[in-house]
1. Of GLU244, GLU227, GLU262, which residue is in a helix (DSSP H, G or I) and modelled with pLDDT under 80?
2. Taking region 477-495 as the region of interest, how many residues are closer than 19 Å to ALA28 by Cβ and either among the acidic types (Asp, Glu) or within 60 Å of the chain's Cα centre (by Cα) (or both)?
3. Output the residue which, of all residues in region 328-378 that are free of Cβ contacts under 8 Å to residues at least 40 places away in the same chain and of a type in the set (A, V, I, L, M), is nearest to GLN250 (Cα to Cα).
4. Condition first: more than 21 Å from ILE50 (Cα to Cα) and not in a loop (DSSP other than H, G, I, E, B). Can you find one or more residues in region 154-175 that meet it?
5. Using beta carbons and a limit of 8 Å, which pairs, at least six apart or on different chains, have the first residue in region 286-297 and more than 18 Å from ARG269 (Cβ to Cβ) and the second one in a helix (DSSP H, G or I)?
6. Output the residues belonging to region 413-453 that are farther than 30 Å from VAL153 by Cα and of a type in the set (Ser, Thr, Tyr).
7. Anything in region 289-326 that is aliphatic (A, V, I, L, M) and modelled with pLDDT of 80 or more? List them, or say none.
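The values are calculated or read from the model by the stated rules, or taken from the named source; none is laboratory data. Predicted, not measured: the structure shown is a model, and the values here were computed from it. Cβ atoms come from the backbone with ideal geometry, glycine included; neighbour counts cover every protein chain shown.
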Amino acid sequence: MEQHILTPGDYVAILKRRRWALLLPFIAVVVITAVVALALPSIYKSTATILIEEQEIPSDFVMTTVTSFVEQRLQTINQRIMSTPKLLEIINKNKLYQDLRDRKTTDEIVAQMRADVVLKPISTEVIDRRTGRPTTATIAFSLSYEGQSPTKVQRVANVLTSLFMEENLKERRKKSQDAIIFLHREAQRIKADLGRVEKEMATFKEANMNALPDVLQVNLQTIDTLERNIDIFNERLRAQKERESYLIAQLSGLDPAKEDREQLQDRQRLEELKLKLIEYRSRYTDVYPDVRKTVAEIAKLESKLDAMKTGGDDKAPDNPTYVTLSSQLAGTQAEIGSIKRQIADLNKKAQRFRNRIEATPKVEETYKSILMRRDNLKLKYDDLMRKLMEAQVAQGLESDQKGERFTLIDPARLPEKPYKPNRLAIMLIGLVLGCGAGVGFAALRELSDTSIRSAEQLAAATALPVLAGIPQILTVRDLKRKKTKRLVGATVGVVIVLGAVLVFHFWVMDLTVLGAKLERKMAF
C-alpha cells in the first residue's frame, strides 16, 4: 500500500476535524498558567548601593590596623548581621513573614529571610600599584531585600544598610582598639623580659668584670707591660748579682781590721817568699835546702799572720775599705731582695691577667649570648613601641572616620512595581505550552483514528475502485448548531483578547503610558 502524502488541504481538514482536541488543551493550559501567574504573590525588591571609599590620608603616612581584604570583611559583616538573633530582632520589629509563622519554624523563617537578603559586590578592573598589572577590585556593593510589602521592603533594606555601615565602623574601631591593647600588653611583657635580661647582664658583668671581651685588649696590653717590666727587673737582678759577686770577691781579699807596719811587712815578705818558692821549685826539688828553708819560713810567717788575725776576730771591722765594700754589699743584697720581691709580685699579677685572658673566650660566649638576647628584646621592644604608636594614630584615624569607610550613595527606595513574578513571561510560557499541548493532543487523536474519510483512502485500503459518493446533508438544526459554535468561538476569542489587554494594562504597562511612548517614537 502506497503511503498517502498529506496536502495543505489535508492539514486544513485535520484542523477543522480536530479543532476541539487542539483548542481544549490549549485553553486549559493557558487558563491554568494565567491563574498561576495571577495567583502568585507580588514580590517587591528594594536595593541600596554602598560605595567603599579609601582612607583620605595616604597609607604611606598612616598605616591602618585593618588589613583584611574588602571581600573578606564584607562576608564577615554579612555573617554577623545574618545571625539568627539579629534577624529575629528585625523580623519581630517589622512584623515580617506573618503568614509563615503558623506553618514554619523559627529557623525556617530565618532561613527564608537569609534567602531574601542579597549581597552583591560591585567590582571593576584597576591597575595594581605594586605590580602594575590590571586586577579586579571591589569598589562598592549592593544590598537588596525582597518581600511582599513595598514599605516593609524599603524599611528593612534601610535597616540592613545601616547595620552594615555601623558594623563596619564598629569592626574597624574594635580592631584598632584590640591592636592597641595587644601591642601594649606585648610591649609590657617584652619590657619585663628586657629588664630581667639587663639585670642578669649586670650581675654577670659584675662577677666577670676583668674577663669581659671589652677589657681583653686592656688585659693584653697590661700583661705585655708586666712582662716587659719583669724582663727589666730580671736584667737589674742579674746586674745586682754580678755586683754582689764582685763585692764578695773584693771583700774576700781584705782584712776587716787595720794592718800595722809589721803585719804589712810580714805579708809582703810572705808574698816574696811565695814567689821565690815558685822560682825554686821550677829549678829544684823539694829536698833542696833553699826550698826547704823557704817553705819553713813561709809556714812561720803564715802562722804568725794567722795568729794575729785570730786575735783580731772579736774586734769590729775598722778597715775603711772593708767597711765601705761591706756596706755596698749589704745594699746590693737588699736591692736583690727587693727586685726578687717585685719580680714575684709582677709574676703574680701577670698570672692573674693570664687567667683573665684564658677565661675571656668562655666568658665571651656567655656574655654574647646574654647580649644577643638583650639586643633582640630591645629591637622587638622598639618595634612594638613603633607599631603601638602607629596603632594609636590609626585609632585616631578610625575615630575621625578618615580611614576606609562605607558611604551610602543610593539609598533603598520604595519599589513602584513588583520585582517578581514576571507574569507576562509566565503567560507567554503558558501560550507556548498550550500550543504544544493542543498540537500534541490533536496529533495523537489523529494518529490513533483509523477512520476512512475520502474515496482515495477507501480505494487504497480495499484495492477496489469507488463508483459513487454521498455528499454531506446539512439540516436546519445542523446549520444553527454550526452558527452557534462560530458565535461561541468568536466570543471566546474576544474574551481572550480583552483578557490579554487587561493583563498587559495592569501587570505589564499602563496603556496610556504605552500610547505616550508610541506617540513619542512616531514623532521622532
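1. GLU262
2. 0
3. Here the answer is ALA330.
4. Taking region 154-175 as the starting set, the residues that turn out to be more than 21 Å from ILE50 (Cα to Cα) are 174-175.
If we keep only those that are not in a loop (DSSP other than H, G, I, E, B) as well, we get 174-175.
Yes: region 154-175 contains one or more residues that are more than 21 Å from ILE50 (Cα to Cα) and not in a loop (DSSP other than H, G, I, E, B).
5. Between residues of region 286-297 that are more than 18 Å from ARG269 (Cβ to Cβ) and residues that are in a helix (DSSP H, G or I), the close pairs are ASP286/ARG292; ASP286/VAL295; TYR288/TYR280.
6. SER448, THR450, SER451
7. Result: VAL295, ALA296, ILE298, ALA299.
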